[in-house]
Each structure stands twice: as C-alpha cells, then as structure tokens.
Amino acid sequence: IEIYSLHVDCKVTSRFAHTIITSKIVNRANESREATFEVELPKPAFITNFSMSIDGKVYPGIIKEKASAQKEYDTAVSHGQSAGLVKITGRKLEQFHVSVSIAAASKVTFELAYEELLKRQLGKFELLIKVRPKQLVKHFQIDVHIFEPQGIRFLETDSTFMTNELTEALTKVQNETKAHILFKPTVDQQKINPELDETLLNGDFVVRYDVKRGATAGDIQIVNGYFVHYFAPREMPVFPKNVIFVIDRSGSMAGRKIEQTRDALLKILQDLRPEDHFSFITFNSKVVEWKSSLLQATAENVASAAGFVQTLSASGGTDINRALLTAVSMLDKAERLPGRSVSMMILLTDGQPTSGESNVEVIQENIQKAVDGKYALFCLGFGFDVSYKFLEKMALSNGGIARRIYENADAALQLQGFYQEVATPILMKIEMQYPENAIEGLTKNNFKLFFEGSEIIVSGKISNELDLLPVEIKAQTHASDLTLKEEANVKEKEQVFQNQSYVFGNFIERLWAYLTIQQLLEKSISAEEDKKTLEAQALELSLQYNFVTPLTSMVVTKPTGQQQTELANKPTEAG
C-alpha cells in the first residue's frame, strides 16, 4: 500500500481556517489490502466534509443528527458497537481514522475538510498541522494561505521535525495582508538517512502569527450581509489581581503531580505583580489556609509563600466543597484590596470530591450561591480521574473556564501557561453594542473580563439595508470607564473580500455559525432548564452548515462486502 500523494491545503481568511487534506493511495500488491487514512486535527475544529473515491466511485460522508445516525448504525451493525472514527489523542488534537479494503492495483483518494476559528492566546494565533504519513510520499505538500485585511504583524513557522535539508523545502512569501507558506520536500529530503526508507516527517508543523491593530474600537469585516468584529485593545493599564490558589493535596496527587504543581507555583509566584494580592488554600479531607487573609505580593511575602509551596506534600481525601467555600469567604472578608481590581480563584484538583460534601450537584449549587457573580473561578483538572464535566460546569457558571492538565513531562509548563493567560486582566464588564433593530443572531456581546493577549469576537447578520454599521464598546479599565465608537461602511467593507482568491465564499457566515454553535454548546453546559432549547438550536445550525459537532455524526459508508457503515462523532474533553 503506497501513499503516492498527500496534500494539506489550508486557507486562513481573517482567523477562520479551512483545511482540506487529500491522500491518494495505490495498492501495489497482487491481492486486496487495507488502505488507511489517519488525520490528527485540532480539537476546536469541526469536520465539515469527508469522502473516499475508489476507482472513480465516490463514497461521501453524510452528516446527520447523532441519535438518528446511531440508530441507523446499530441496525447496520447488530453485533454491538465498534469504536467511532474519531478519538482524542492528546492535549491539542483528536484523530480521524478510517480504513477501507481495496483490490489489487486499485486506487483510493481520501479527502477530509475541517474548519476552525483561530483563537488568540498570549498575543498570537496558532495554526497546528499534524504531519505523520508513516512512509515516504512521492508528492507531499503543505500549503497555507493567510489573508488578514488588518495586516500581518509577524509570522513564523515552527516544526518539531525540521532538519537543515527540510528547511530548504520550506518557502514563505508574504506582503502586507497576505502570506503563502509552502512546504514541499522531495522523497530524498524526507528520508532520515539516504540508505533507509524511513521518514523524518513525524510531528507538528505550526504557523503562528498576529495581526496589526490600529483602530481603538477594533476591526469590523463584512461579507454577504454577515459581520465579524474583532476587539483586542493594547497598552492598557493592568488591573491588580486578588488571586487565591486552591490546591488539592490528596493522596492521588502524591509523587510526580505534586512535584509538578510545586514547580509551577514557584514560577507563578515570580510572575505576580507587586500590586497583586494572593493566598493559598490547600486541601485534602482537611482545608488549610496558608494565611488567614490575602497578602500583597511584596518580595518578602512572595519569598515566604515559596517556602510554603516547597513543603507541599500529598495524602488523604478530597474536600473540594469546603476548600472553595473557604476561598470565597476569604475574598468576601478581604480588606484593603485595591479599589478597582479583579478577584479570582484558581482550583487545581486531580480527583472526585470524596470528603465532606461529595454530591457534585450540591457542590455546584453551593459555590454558585457563594460566588454570586462577584469573582471568577478557574478549574484545572489534572489527569483523567477528575470529573471534567463537574469542573467545567462549575467554572462556566462562575465566569471562568476549565482546562484539563495532561499528565505529561510538561504538566508544570501547562499550569504556568494557563496562569499567564489570566495573569493580565486589562478590561472588565465589556459590552459590545450594535443597533438593536438591525442585527440578527448576534453572538455573545458582553464579557466579564478581557485578558491581554486574547481577543473578543462578536458576529451577527446585518438584517436590513444598512449603509453604516455603528458600534459602541463600553468597558471599565483600571483608570476609568471607557467608551469607544466606530462606524463601518458596509459597502466598503464588502469590497475588501470581493476578488480575493483566498476567500471561500461565505466565510463570515460560516464563522458566525461556528461561533454560535460553540457558544450554544458552552451555554448548555451550565444551563439548567433551557438546555434542550440550546442544544436544539446548535443541532439545527450544525446540520445546516454541515459541521460534525457533539450533536451530529458523520455516517461513512463503504463498498459492499466490508463493514458497511461507520460513524465519526466529535469527542469532547468531558467524554
């Protein structure tokens, strides 16, 4: 079985990435063989198309509602359930894997397309392409086209497998608003050494970039009556933080996990700003406060905290409920905190609540009632014994986010990286306002916090013949209340994308649908009564725009005589 051609074609238009992977395989044996197509794609992406064509006959994947696809599938495969075609393979990726049996001398072409909205983190966008052909490929090519009307501020490529030889196969062409990256190694360049037929191509190929930002009220782009508004202010004063680290030191954290936690906390302590206030609460079946109140992050206090962190050891049960309630009450009682400041709790745990209150619904209710919208709660789940669903619901219900920390060598870096994302709040209570009667289907437009290095994205449909789209942004900065106004000329904005070869048609409409689905699913996690309504809306959009989301499945049908139907489902972090 020989992969004679493998092409990754990626177009990024204004942060929205559309990737098509085409693999052409021939069976050189004189009997039928299995041809396998394996692609690792970024977790935030939605698969939007798949097909295989065997000797000219096309077998397309059909996207359906998950429940009805499952029913169909169960009928087809009466002997129990085979694993789906997609599974999570790590911190950033999930894998799509399909095999088909092809006759001697036959050819098959696999094609998979997926889309994602690139998320700005720590000041850059990252496009991740996983490369692992497992054999030398005669025609191997990666094409990345980027078009950013705001202008490209910087662009870099990075890869885990580059050698001097391979660097010669990489070209970058860029101007003010566009870039084309081409990676096209010959068979000889792909070899680990000239004698062996082993490939060097195994790992990540990453493109990182950021855009130029001039206008204070962000940047608006419009195509076919849909708009997207990007807002990422710069050079604003940073809010002082009041942060309580709530650290699990139960028995299961013993060994490497607690060591990595200590390493990460020591680094994080160094990153605190002098005007920040902080404290630690550690817990097993007992809850221990390092100090009875928050301390200012003076050199002396930070040194004393480092001493404390170094003594952290692990044993006993897990009382998440009391630990978090203790943190909330410490923030409630805090005095002499800076007037305009941001208060947050960062919970790190690796297990289920086993001591004290162990019913997760009751814990969620207790915490939400105590926090009452005053503070943000971030939940980090270390490893796979946590109930991620519980942590995610708790974080989203209290203005924060959840993240899984993978038990790898780089766990301390993952923890530190997360802290850096929330380390510099520069805006609070952000409201993005648009003319009410002129916009339909507006995505989320008010945000509790904005952290330096990230980006706010709002999208919607301009309902009537507007010539000008006025926007107003209200927010609080550390110094004062802020109001920014801007007007976008609809016709002028539409022109920008008119004759661009990089643009796949209605990309802002697809971006809007993608963002709306993501937000509906996120909302449904913390929703109580309208969960069903939110899911129904997300399902309708997933089917309309052909996305494989947690509510849809792609049914893949194979030639007669093979296991006829297989399902591609979207895995979620919560399982």
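The values are calculated or read from the model by the stated rules, or taken from the named source; none is laboratory data. Keep in mind that this is a model prediction, so the values were computed, not measured. Note that each Cβ is placed from the backbone with ideal geometry, even for glycine, and that neighbours are counted across all protein chains shown. Only protein heavy atoms, including side chains, enter the accessible area calculation; ligands, DNA and RNA are left aside. Shrake-Rupley method; radii C 1.70, N 1.55, O 1.52, S 1.80 Å.
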Per its Cα gyration tensor (rounded if a/c is under 1.5, else prolate when a/b beats b/c, else oblate), the range 456-537 is best filed as oblate
Mind ordering 411-419, 86-94 by average Cβ neighbours within 10 Å, highest first? 411-419, 86-94
Scoring only Lys, Arg, Asp and Glu (+1, +1, -1, -1) among other residues with Cβ under 12 Å from the Cβ of residue 364 yields -2
Set 374/474; 71/444; 43/66; 92/124; 429/485 screened for pairs whose C-alpha atoms are more than 23 Å apart: 71/444
Residue 464 neighbourhood, Cβ < 13 Å, K/R = +1, D/E = -1, net charge -3
Positive-end extreme of charge dipole, the range 242-365 - chosen from 342, 282, 323 (charges on Cβ): 282
What accessible area, in Å² to the nearest ten, does a 1.4 Å probe give for residue 481? 110
Which aspartates and glutamates, if any, have their Cα less than 17 Å from the Cα of residue 172, not counting same-chain residues under 8 positions apart? 9, 126, 143, 148, 156, 158, 210
With n ≥ 4 as the cut-off for DSSP H runs, can you work out [θ] at 222 nm for the chain, using -39500 (n - 2.57) per run divided by the number of residues, rounded to the nearest 500? -7000 deg cm²/dmol
Heavy-atom accessible area order for 393, 429, largest first, 1.4 Å probe: 429, 393
What ranking, highest mean first, results for peptides 62-71, 34-43 when packing means the other Cβ atoms within 10 Å averaged over each residue? 34-43, 62-71
Counting only protein heavy atoms, what percent of the accessible surface of the chain is carbon or sulfur at a 1.4 Å probe? 47
Could you list the GluC sites (Glu not before Pro) in the range 304-375 that lie in coil according to DSSP, counting only those with at most 13 other Cβ atoms within 10 Å of their Cβ? 335
Considering only protein heavy atoms, what per residue accessible area in square angstrom results for the chain with a 1.4 angstrom probe? 44
